[in-house]
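Just below is one structure, and these are the notes that go with it.
The values are calculated or read from the model by the stated rules, or taken from the named source; none is laboratory data. As the structure is a prediction and not an experimental result, all values here were calculated from the model. Reconstructed Cβ throughout: ideal geometry from the backbone, glycine too, with neighbour counts over all protein chains shown. Heads up: the accessible areas ignore ligands, DNA and RNA and are worked out on the full protein's heavy atoms, side chains in. Shrake-Rupley method; radii C 1.70, N 1.55, O 1.52, S 1.80 Å.
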Amino acid sequence: MFPYFALVTAMLLWATSFIALKLAFTAYDPMVVIFARMAIASLCFLPFFFRLLPQVRYRKGDWKLLGIMVLCEPCLYFIFEAKALTLTTASQASMITAVLPLLVAIGAMLTLNERVSTRTFCGFALAMSGAVGLSLTGTVSENAPNPLLGNTFEFLAMVCAAAYTLLLKRLSERYPVFLLTGFQAFCGSIFFFPVLFFPGTPLPQTFIPVPALSVFYLGVCITLGAYGLYNYGVSRIPASQASAYVNLIPVFTVFFGWLILGEQFTMPQYFCAALVLSGVAVSQHSIPEPSVPPLIPAAQTPQE
């Protein structure tokens with residue numbers, strides 16, 4: 001049962017990450033926040049690096065898969081998510097994450113030759129219509145200056161997350177999942193470090209407790225904790241089944257967004273959110289195979 005417990009805990013932590021990012025962005029530049037969380041996670045991982053290194057079973061050509069994996073997540077994923085959360089609310093962004101299981105299912109069909117039913121495609125269409133409606137009905141506010149564009153960036157982040165999940169499933173057969181988690185954090189630190197020197201990136205000048213603690217929380221509890229738990233779950237159960245737990249993120253985030261940030265949905269947005277969750281539920285519902293009546297054995301001739 002531990003893989004399932006790990007996945008539920010990871011989803012709970014990921015839901016709080018939307019809130020923590022919004023709080024951190026109130027005081028610090030998004031790219032500074034992303035680099036800082038990666039650097040903190042990398043430092044926390046160092047004591048475990050040499051203990052896990054002997055367990056590596058490198059296969060020729062794996063560097064390509066590892067490179068694409070970290071390019072998808074954390075590199076491109078966090079760029080899109082950082083942009084998203086500066087333009088839309090945490091609650092709306094979290095609703096877009098509900099399409100991830102459907103993207104993983106479609107990706108598995110294209111790359112792993114897994115069969116995807118018509119019901120899954122119908123559910124995907126229903127969820128996407130809800131996501132589009134959620135974006136179009138979003139109202140401009142101080143916390144969400146451009147909900148449509150922000151939710152589009154969050155959808156692109158989910159495309160990256162789907163590719164990451166499929167690659168992780170393959171690589172976890174040969175590499176410890178916690179080592180892959182630390183590898184992500186280390187590569188993310190290198191990727192985002194040059195951004196600190198861009199002319200348009202203001203560096204922190206003062207220590208502001210709540211945003212600063214939010215960054216520390218993102219580095220330790222989310223980048224290492226949530227990703228470590230999720231990677232462990234993906235390595236133990238099918239990727240499509242593990243990704244279905246992402247459906248818990250919107251539920252948790254809407255609650256935390258209301259409790260901490262005071263975010264609320266309008267009635268049309270509640271309807272669109274219901275479409276997203278309904279589409280995911282439809283896609284996950286399996287159709288039982290028709291039962292085949294047992295063969296009736298031929299009548300046997302009585303033995304004399």
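In table form, for the structure just shown:
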quantity	calculated
Selection within the range 168-184 - in a loop (DSSP other than H, G, I, E, B), of a type outside the set (Asp, Glu) and either surrounded by fewer than 20 Cβ atoms within 10 Å (Cβ to Cβ) or out of contact with any Lys or Arg (no Cβ under 8 Å at 6 or more places or on another chain) (or both)	SER172, ARG174, PRO176
The one condition in (1) modelled with pLDDT under 85; (2) in contact with a Cys (Cβ under 8 Å, 6 or more places away or on another chain) that LEU102 fails to fulfil	(2)
Some residue of the range 241-255 being among the hydroxyl-bearing types (Ser, Thr, Tyr) and more than 22 Å from ALA127 (Cβ to Cβ)	no
Matching option when the condition is more than 22 Å from VAL215 (Cα to Cα), in a helix (DSSP H, G or I), in contact (Cβ under 8 Å) with a residue 40 or more places away in the chain and under 14 Å from the mean Cα position of the chain (by Cα), among LEU103, LEU126, LEU76, LEU149	LEU103
Within the range 32-82, considering residues that are surrounded by fewer than 20 Cβ atoms within 10 Å (Cβ to Cβ) and basic (Lys, Arg), the one modelled with the lowest pLDDT	ARG57
Those residues of the range 86-132 which are open to solvent by less than 60 Å² (accessible area, probe 1.4 Å) and over 19 Å from CYS272 (Cβ atoms), in sequence order	THR86, VAL104, ALA105, ILE106, GLY107, ALA108, MET109, VAL116, SER117, THR120
MET1 over 27 Å from PHE252 (Cβ atoms), open to solvent by 30 Å² or more (accessible area, probe 1.4 Å) and over 14 Å from the mean Cα position of the chain (by Cα)	no
